[in-house]
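Worksheet: the structure to be examined is printed underneath.
The values are calculated or read from the model by the stated rules, or taken from the named source; none is laboratory data. Since the structure is predicted, the reported quantities are computational estimates derived from the model, not experimental observations. Cβ coordinates were reconstructed from backbone atoms using ideal geometry, including for glycine residues, and neighbour counts include every protein chain displayed. Surface areas here come from the heavy atoms of the whole protein model, side chains and all, with no ligands, DNA or RNA. Shrake-Rupley method; radii C 1.70, N 1.55, O 1.52, S 1.80 Å.
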Amino acid sequence: MRNLAILIAFFLCSCTAKDQVGKPYRGWQKGEMDIHHIYTGHGEANFFIFPDATSMLIDAGDHDPAYEDFPYMNPSMPDKSRRPGEWIARYIARVNPHKDQVDYLMASHFHSDHTGSIHSNGKMTSGRNPDYKLVGLAEVGEWITFGTALDRGYPHYNYPTMINDVHTENYRAFLKHQMENKGLKQEEFKVGKLNQIALRHQPEAYANLFSIRNLAANGEIWQGEAEKTTRYYDLNPANTEGRQNENTKSIAIRIDFGPFSYYTGGDLTGAVKDADGNSVNIEAKTGEACGTVDVCKTNHHSYLDSMHEDFLEAIKAKHYIGCTWDLQHTQPKIFQRMLSKSDCLVFHQYLWPEQMAKHKGEEWTQKVIEQGHIVVKVYDQGQKYKVYILSAEDEQMIVKAIYGPYESAL
């Protein structure tokens, strides 16, 4: 944590009666929205509690460093005594108003740092027809019961090309078991749809305050009007030839609560060709569809191929949140680009000490905040929000820093 950041956090905390640095996080209260960016060191996992207690998990990564041969994986937290899926499930049970009952499950796209790697040393199920390995989302499902599942592939898993890899097969076997034994329902994610992801418990109380817009999936992007979309993969046959970029197909959504707005889009990066063969930046087009937001979860872990100028110009966030599991996700060039677009802060789950020592004294290091679980709390009918850093080294949910309150922008 940078010195300036610490001073700001402690000053702001002195004005906050309900939450204190060094004390356990008080959790969600009715009428608030909590967005938890959960750190494990093995992938991405984000848990949402909406104002009426409707809940949603987006992703639960379990990336195996031994098989994938990444020498610079972030530290595992709290430790290696449990796999990431179990840590995530335990985290959810602590903060979720309905404990082990979660309304929505979403896989942003089919990469193992978002859904789970079968090469990890998780256990295999027995007698589930078919059996599958308990990794990532499948492992979370051993403790958490989900209501509705959404992903980019259902129902046919063949657009824009056939989805056929071992990690996705494992994930689909998990869904099959959940549908047959735990009442899970699957829905096709419909780009452009408003409130397909809807409040489930007290929607009438927030009918004019809360909404979720489906912005993108499979290279199909909302046009910003009614439910009109453009399917960019269909514009040129070359888009479905050769090796495919899974990241271009990530699901992206925009959440609005009163004047507050939030963007999340998995690993949404990359380009396809239009009818004339020109390159179309999928990230930039999605940013145009989304428009300005208060808080933006960074695309693709803030890696070098993400957070392009055009996207940042469209999104104009006041705060960016990076979910990270690898040294390569610490990119000063990308931090500087985000910070140059507005007077903002970047919250990043983990920064390598070696990297920070190398760049000591550079201006960007004063506005990049780490390390731990990052929670955005939105309250006063969306008028205000705060950003919390919680300890990831254990399960005590200790508040390490509080930033805000911030006024939400219309």
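Within region 341-348, identify whether any single residue is touching a Pro at 6+ places or on another chain (Cβ under 9 Å) and of a type outside the set (D, E, K, R), and answer yes or no. No, region 341-348 contains no residue that is touching a Pro at 6+ places or on another chain (Cβ under 9 Å) and of a type outside the set (D, E, K, R). Go over the candidates N129, N158 one by one and state the one that is out of contact with any His (no Cβ under 7 Å at 6 or more places or on another chain), assigned to a loop (DSSP other than H, G, I, E, B), at pLDDT 95 or above and open to solvent by 20 Å² or more (accessible area, probe 1.4 Å). Checking each option against the conditions leaves just N158.
Of all the criteria given as (1) within 17 Å of T145 (Cβ to Cβ); (2) open to solvent by 60 Å² or more (accessible area, probe 1.4 Å), the one not satisfied by E204 is (1). Is it the case that some residue within region 261-270 is over 19 Å from K377 (Cα atoms), out of contact with any strand residue (DSSP E or B) (no Cβ under 8 Å at 6 or more places or on another chain), in a loop (DSSP other than H, G, I, E, B) and among the polar types (S, T, N, Q)? For region 261-270, residues over 19 Å from K377 (Cα atoms), out of contact with any strand residue (DSSP E or B) (no Cβ under 8 Å at 6 or more places or on another chain), in a loop (DSSP other than H, G, I, E, B) and among the polar types (S, T, N, Q): present. Evaluated against (1) under 24 Å from K30 (Cβ atoms); (2) touching a residue at least 40 places away in the same chain (Cβ under 8 Å), Y263 falls short on exactly one condition, (1).
Report yes if G242 is surrounded by fewer than 24 Cβ atoms within 10 Å (Cβ to Cβ), modelled with pLDDT under 95, of a type outside the set (S, T, N, Q) and over 27 Å from I49 (Cα atoms), otherwise no. Yes. For region 339-351, the set of residues classified as open to solvent by 10 Å² or more (accessible area, probe 1.4 Å) and more than 18 Å from the chain's Cα centre (by Cα) consists of L339, S340, K341, S342, D343, listed by residue number. Yes or no: F189 in contact (Cβ under 8 Å) with a residue 60 or more places away in the chain and within 23 Å of the chain's Cα centre (by Cα)? Spelling it out, F189 is indeed in contact (Cβ under 8 Å) with a residue 60 or more places away in the chain and within 23 Å of the chain's Cα centre (by Cα). A count restricted to region 370-385 and to residues that are in contact with a Pro (Cβ under 8 Å, 6 or more places away or on another chain), open to solvent by less than 10 Å² (accessible area, probe 1.4 Å) and outside any strand (DSSP E or B) stands at 1.
Restricting the search to region 213-239, which residues are small (G, A, S) and either surrounded by 14 or more Cβ atoms within 10 Å (Cβ to Cβ) or part of a loop (DSSP other than H, G, I, E, B) (or both)? The answer is A216, A217, G219, G224, A226. Checking E354, E407, E363, E395 one by one, the residue that is under 21 Å from D59 (Cα atoms) and surrounded by fewer than 23 Cβ atoms within 10 Å (Cβ to Cβ) is E395 and no other. Of the residues making up region 296-309, those that are touching an Asp or Glu at 6+ places or on another chain (Cβ under 8 Å), outside any loop (DSSP other than H, G, I, E, B) and open to solvent by 20 Å² or more (accessible area, probe 1.4 Å) number 1.
Based on what the data block shows, is H109 in contact with a Gly (Cβ under 9 Å, 6 or more places away or on another chain) and at pLDDT 95 or above? When the stated conditions are applied, H109 passes them. Applying the condition of being touching a residue at least 24 places away in the same chain (Cβ under 8 Å) and acidic (D, E) to region 72-117 and asking which residue is most open to solvent (accessible area, probe 1.4 Å) yields D100.
The residue list K367, K360, K386 contains one member that is touching a helix residue (DSSP H, G or I) at 6+ places or on another chain (Cβ under 7 Å) and among the basic types (K, R), which is K367.
In region 334-362, the residues that are within 25 Å of L390 (Cβ to Cβ) reach residues that are open to solvent by less than 30 Å² (accessible area, probe 1.4 Å) and of a type in the set (D, E, K, R) with C-beta atoms within less than 8 angstrom, at least six apart or across chains, in these pairs: F347/E370; H348/E370; Q349/E370; Y350/E370; L351/E370. Checking F210, F174, F257 one by one, the residue that is in contact with a strand residue (DSSP E or B) (Cβ under 6 Å, 6 or more places away or on another chain), open to solvent by less than 10 Å² (accessible area, probe 1.4 Å) and not acidic (D, E) is F257 and no other.
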